[in-house]
Amino acid sequence: MDQSKRQKPLAGILVLEFCQYLSGPSAGLRLSDLGARVIKIENPGKGDLCRILPIKNQWIEDNSLLFHTINRNKESYTANLKSNKELAEVKKLISKAHVMIHNFRPGVMEKLRLDFEEVKKLNSKIVFAEISGYGKQGPWAKKPGQDLLVQAMSGLMYNSGDRDDAPTPFGLAIGDILCGAQIVQAVLAALVYMKRSKKAVKIELSLLESLIDFQFEIFTTYFASGRTPQRSAVNNAHPLLGAPYGIYKTSDGHIALAMIPMGDLKEALNKPELDKYKQSMIFSKRDEIKSVLASILKEETSAYWEEKLQARGLWAANLKNWKELKNKASYRKLRLDQEICISEKEKFRTNRCPIRFNGEIMWGWIPAPDLGAHSEAIKDEFQLDADQL
Amino acid sequence: MKLLEGITVIDFSQFLSGPSASLRLADFGARVIKIEKPGSGDICRQLYVSEVEVANESTLFHTINRNKESFKADLKKEKDKKRVYSLIKQADVVMHNFRPGVMEKLGFSYDQVKEINTGIIYAGISGYGDKGEWKDLPGQDLLLQSLSGLPYLNGESTKLPTPMGISVVDILAGTHLAQGILAALVKRDSTGEGSLVQVSMLESALDFQFEVFTTFLNDGEEPPQRSEKNHAHSYLAAPYGVYETTDGFLALAMTSIPKLGELLGISQLEEYHDPARWFTQRDFIKDILADHLKKETTDYWLHILEPADIWCAKVFNIEELIAQPGYKVLEMEMIVKTSKGHEIKTTRCPIRINGEKLESSVGAPFLGEHNDSIAVEFGLKN
């Protein structure tokens, strides 16, 4: 399918990304997958530090595979923002853009005079988005906005793992990813508004606010009850949910049981040990019921239990690891990954945009840019040369 | 500040994924009308998921559905169906999270809706996409976590696969659906055309893991290895993790091991000059750190590490967090009120626009609460 002929939804939108690592760049990635033109503004020395941050020492030429994963489908423009000439050129570029996003610590953009008030003078219709760790005010404003630290401070670590476990982090950068995704939401809503009002919009969001929002059910329940939600003692999967909700060991693997009414569960498993438990006990006897279930389920295989439960339409499924998932026909049928060609020899596979428009997948095949790869072309295209301004 | 003023969303969705998407649209100023079936309505109203109730309905329902209206309709009855059609005719967005085929059967497929309203944005969340062997399975959060490998990333390697204790797949799928709807609105503004927007929980769960899943796709498909000690991320080196102290827990992010050794007075760690060993020997290093850190309080360590710009933080539970000045300054809490006067304290939309918080005190609707007012306003015939 030739997508260049079919307009993606954000065709014609120009985004400047003054960001590094994950939160801001993941927002830029989504916008580019949806059809926006995204230009990374990077410093000429090292650029986005994610370029030199590898996972498992995987590199593609001079950049980490991680950088390639987060920055495909973008352009790179280098500028030393401390040089008046180069800053003037960037300002001219800002005057042509629809959106700019930054994730510098509070105060940095103000010092460069690239804060919202100044940028609005350059471009009266700009959508200006800024990401911080903990908001711009208060005692934490200067703390490093790093994902694990924000997870620690947001209360999130008391939702996973069992009651007596140490606080258990999410093993992914949920704060960065959610914050980036919410920035995309706000940027798009602001574009809708800008189109009607012709006015600039400023968006502010912090990783901490994103992770509090993420736990909105937990917070609201706590406000209503005055009690901190407790992880179950065994097989915890969600502090607000009663038995049997959890993951259980079987004789050859693991099985997940979601909300299944006690009556149905008893019928499906047909074990006398469960007889005395009723639906009304799924909270008061949560740990006890889960322990009894754990001892029942470990006696047979995952397939045995899954068949029994799914045959009755009950919410249960065996765990799959990535390899098992990838080997399923549905993985290929749903076309869940894509290949990015760097050169004739170098290529890699990666995820794709999870949103489809008019039945089509939003592929994004253009590899991440080398540092400053597009500086000259962008200067020409937008006539940025400050000597001629 | 209403970014989406004038946008009307007709929302057929239930539970969490779809309703969390329309909640965000409502926060941005869109008008969201829930279409609910008589009797039970959105099943989330009665879902036995929480011990805590508001007005005999689940707190969770009230949390997710604040600032929306409710229109009760029996979609199997011709009369009600016609009323909903004429609502859709005047709307901008239709959204649902039924399993594949249900909206078609009810007479509200994209093609059918497009006939009534050519510029409509029609958005749906499925569990597993509309083809393949899983398409008819229940799209439930824990089941999607379990299919997509997420539990193998959390908790120490000695523990069971550990699910993420928040409905992360529901929330991300909802987040992605809202992104798609908003992008479609941007497109409609420039081309005048509507769109079909589709998201599945499976695709959202994989997108969430894109950094580490890409690593897996390119490293010969090695499975992720959780650390045996103080686990926080399968692909990150020591000290990345959470450590017990005499009075709580301390989180340590990426940091140079010799520097950490020097600051904490652990001479054994000062010899780890090669960063490669921070990964290959991470359990050993974490063990040494854990033994040392458990000897003093969290604040004791913070006073040493923070001035040296080491990435560290105290671990809070919700009760400890909300007592902090750094939490209070965010003003995350707000009160919403139902039409019958029940007050519920909840959290606000995390985004600020032009320096303003996006707040609304309108509580969740009771089932069919707005049938009459909507009928009058939209000219629906009985």
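What follows draws every value from the coordinates through simple rules; no lab data is involved. None of these values were measured; they are calculated from a predicted model. Here the Cβ positions follow ideal geometry from the backbone for every residue, glycine too, while neighbour counts run over all protein chains shown.
Excluding same-chain residues fewer than 8 positions from residue B:286, which aspartates and glutamates have a Cα within less than 13 Å of its Cα?
B:156, B:228, B:244
When the convex hull of the Cα atoms of the range A:238-311 is projected onto a plane and the area is averaged over all directions, what value comes out in nm²?
Directional mean of the projected Cα hull area for the range A:238-311 stands at 4.4 nm².
If you plug each phi of the range A:359-370 into the Karplus form 6.51 cos²θ - 1.76 cosθ + 1.60 with θ = phi - 60°, what whole-Hz ³J(HN,Hα) values come out, in order, with x for Gly and Pro?
x, 9, 6, 8, 5, x, 9, 6, x, 4, x, 5
Once you list every other residue whose beta carbon is under 9 Å from the beta carbon of residue A:312, what net charge do they have if Lys and Arg are +1 and Asp and Glu are -1?
Its environment carries a net charge of -1.
When the Debye formula is applied to the Cα atoms of chain A, each taken as the same point scatterer, what base-10 log of I(q)/I(0) results at q = 0.08, 0.09, 0.12 Å⁻¹?
Result of the Debye calculation: -0.55, -0.68, -1.04.
So if I restrict to the alpha-carbon atoms in the protein assembly as shown, what is the Rg, and what is Dmax, the biggest pairwise distance, in Å?
Gyration radius and largest Cα-Cα distance of the protein assembly as shown: 25.5, 86 Å.
Please report the base-10 log of the normalised intensity I(q)/I(0) for the range A:174-314, using a Debye sum with one equal scatterer per alpha carbon and no solvent, at each q in 0.16, 0.20 (1/Å).
Values, matching the q order: -0.87, -1.12.
What do you get when you divide the Cα radius of gyration of the range A:343-382 by 2.2 N^0.38 Å, with N the number of residues?
In units of the 2.2 N^0.38 Å rule of thumb, it is 1.64.
Per DSSP H run of at least 4 residues, take -39500 (n - 2.57); add these up for chain B, divide by its residues and hand me the 222 nm value, nearest 500 deg cm²/dmol. Please list the in-between numbers first.
Details: 16 runs with 139 residues, N = 382.
Computed mean residue ellipticity for chain B: -10000 deg cm²/dmol.
Over 13 Å apart: what share of the alpha carbon pairs of the range A:195-266 falls there, rounded to a whole percent?
When all Cα pairs of the range A:195-266 are counted, 77 percent exceed 13 Å.
With N denoting the number of residues in the range B:190-256, provide Rg(C-alpha) divided by 2.2 N^0.38 Å, to two decimal places.
Dividing the Cα radius of gyration by 2.2 N^0.38 Å gives 1.75.
For chain B, set up a Gaussian network in which alpha carbons nearer than 10 Å are linked by springs, and say which option among B:307, B:38, B:161 fluctuates the most.
Sorting by GNM fluctuation, first place goes to B:307.
When the Cα centres of the range A:117-170 and the range B:89-120 are compared, how far apart do they sit, in Å?
37
Between B:249, B:366, B:28, which gets the highest mean-square fluctuation from a Gaussian network model of chain B, Cα cutoff 10 Å?
B:249
May I ask you to give the average projected area over all directions of the convex hull of the Cα atoms of the range A:1-89, in nm² rounded to one decimal?
Reported value for the Cα convex hull: 7.1 nm².
Just the number, please: percent antiparallel of the DSSP beta bridges in chain A, rounded to the nearest 5.
Close to 40 percent.
If each of residue A:303 and residue B:333 carries a label point 7 Å out from its Cα toward its Cβ, how far apart are those two points in nm?
A separation of 5.4 nm, rounded to one decimal place.
Apply the Karplus curve 6.51 cos²θ - 1.76 cosθ + 1.60, θ = phi - 60°, to the phi angles in the range B:32-37 and return the couplings in whole Hz, x for Gly and Pro.
10, 10, 7, 9, 10, 7
Picking from B:337, B:34, B:68, which is most flexible by a Gaussian network model of chain B using Cα springs under 10 Å?
Highest fluctuation among the options: B:337.
Rg (Å, one decimal) plus Dmax (Å, integer) for the alpha carbons of chain B?
24.9, 82
Less than 14 Å Cβ to Cβ from residue B:281, Lys/Arg counted +1 and Asp/Glu -1: what total charge do the surrounding residues give? Write out the running numbers ahead of the final one.
Numbers: positive: B:229, B:277, B:282, B:286; negative: B:228, B:271, B:274, B:283, B:287.
Summing Lys/Arg as +1 and Asp/Glu as -1 gives -1.
Convex hull volume of the Cα atoms in the range B:1-93, per residue, in Å³?
92
In angstroms, what radius of gyration and Dmax does the range B:221-313 have, counting Cα atoms only?
When restricted to the Cα atoms of the range B:221-313, Rg and Dmax are 12.6, 42 Å.
List the extent of the Cα atoms of the range B:11-170 along each of their three principal axes, largest first, rounded to whole Å.
Computed over the range B:11-170, the largest-to-smallest principal extents equal 58, 41, 30 Å.
Antiparallel versus total DSSP beta bridges in the protein assembly as shown: what percent is that, nearest 5?
That works out to approximately 45 percent antiparallel.
Past 31 Å, Cα to Cα, is the threshold; run A:326/B:314; A:333/B:89; A:125/A:379 against it and keep the listed order.
Result: A:326/B:314; A:333/B:89 exceed 31 Å.
Which cross-chain or sequence-distant (5 or more) residues have an amide H under 5 Å from the amide H of residue A:254, H modelled 1.01 Å from N in plane?
Placed amide hydrogens put A:319 under 5 Å from residue A:254.
Excluding same-chain residues fewer than 8 positions from residue A:345, which aspartates and glutamates have a Cα within less than 13 Å of its Cα?
A:61
DSSP beta bridges in the range B:4-136, what fraction antiparallel, as a percent rounded to 5?
Here the antiparallel bridges make up roughly 10 percent for the range B:4-136.
Percent of Cα-Cα pairs per 5 Å bin, from 0 to the last occupied bin, for the range B:220-261, please list those.
Histogram of Cα-Cα distances, whole percents per bin: 6, 21, 24, 23, 15, 7, 3, 1, 0.
For the cross-link pairs A:323/A:347; B:2/B:340; B:81/B:135; A:278/B:68; A:285/B:159, which exceed 29 Å when the distance is taken from alpha carbon to alpha carbon? Don't skip to the answer; put the middle values down first.
On the way: A:323/A:347 20 Å; B:2/B:340 26 Å; B:81/B:135 27 Å; A:278/B:68 35 Å; A:285/B:159 23 Å.
In this structure, A:278/B:68 lie more than 29 Å apart at Cα.
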